[in-house]
Amino acid sequence: MSTIRPHHLPAHALLAKYANGAGYTDCYLTEIPGHVSHAAYVEAFYTTALFKLERLLLAWFVSRPSSDAEAKRLAAGEINSFAAWNVEERAANQLLMCDFQCRTRSWFMTDQIRNGDREVTRLYFGSAVVPRVNGAAGDAGLGIAFRGLLGFHKAYSTALLGSARSRLAK
């Protein structure tokens, strides 16, 4: 499989706790031949040209600079903060990041499988958006801005995962 496709969120995913309620969650999947470590996946994701553009914007607009060296240290479990995110939870093959405003989550997971006589690594990427509670009414919602950007978010998530897969395939 060389395509990226929406996929159900695995029940054991660290992101699963955000799947119920008024928030938004998604999950994308792709496969790559051979064994890819979780650390290599996370490092590749955060060091693609596409994500470097996001890192540049974060440095300019919210004063959250980051480097490839920090991405590598995050992937190796040596640091718990990267650009605008902090580690919320880790597992052997998963990483759940929370943004500095605690509104969004980014999730990475790898899974090794056999496809006939060859090994394949499944790369999962997912997001969650936590609803903002309206203090006066007590209602929780995602807001009109998020709903307006949902199509872009889906396309961008797919592009990010595709960029990471391409980087790992080299």
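Bear in mind these aren't lab numbers, they're just calculated from the coordinates by the rules spelled out. Only a predicted model underlies this, so the values are computations on that prediction, with no experimental measurement involved. Cβ atoms come from the backbone with ideal geometry, glycine included; neighbour counts cover every protein chain shown.
The table for this structure:
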quantity	calculated
Candidates Gly148, Gly126, Gly21: whichever shows maximal mean-square fluctuation once the chain is modelled as a Gaussian network with Cα springs under 10 Å	Gly148
Helix-only mean residue ellipticity at 222 nm for the chain, each DSSP H run of n ≥ 4 adding -39500 (n - 2.57), per residue, nearest 500	-11000 deg cm²/dmol
Structure-derived mean projected area of the Cα convex hull in nm²: which label, when the choices are [x] 13.0; [y] 10.4; [z] 9.8	[y]
Around Lys52: net Lys/Arg minus Asp/Glu count, Cβ-Cβ under 15 Å	0
Whichever lysines have a C-alpha closer than 27 Å to that of Lys52, once near sequence neighbours (fewer than 8 apart) are set aside	Lys72, Lys154, Lys170
Residue with peak Gaussian network fluctuation, the chain [Cα springs, cutoff 10 Å], from Asp117, Asp99, Asp26	Asp117
Neighbour net charge for Glu88 - beta-carbon separation under 12 angstrom, K R +1, D E -1	+1
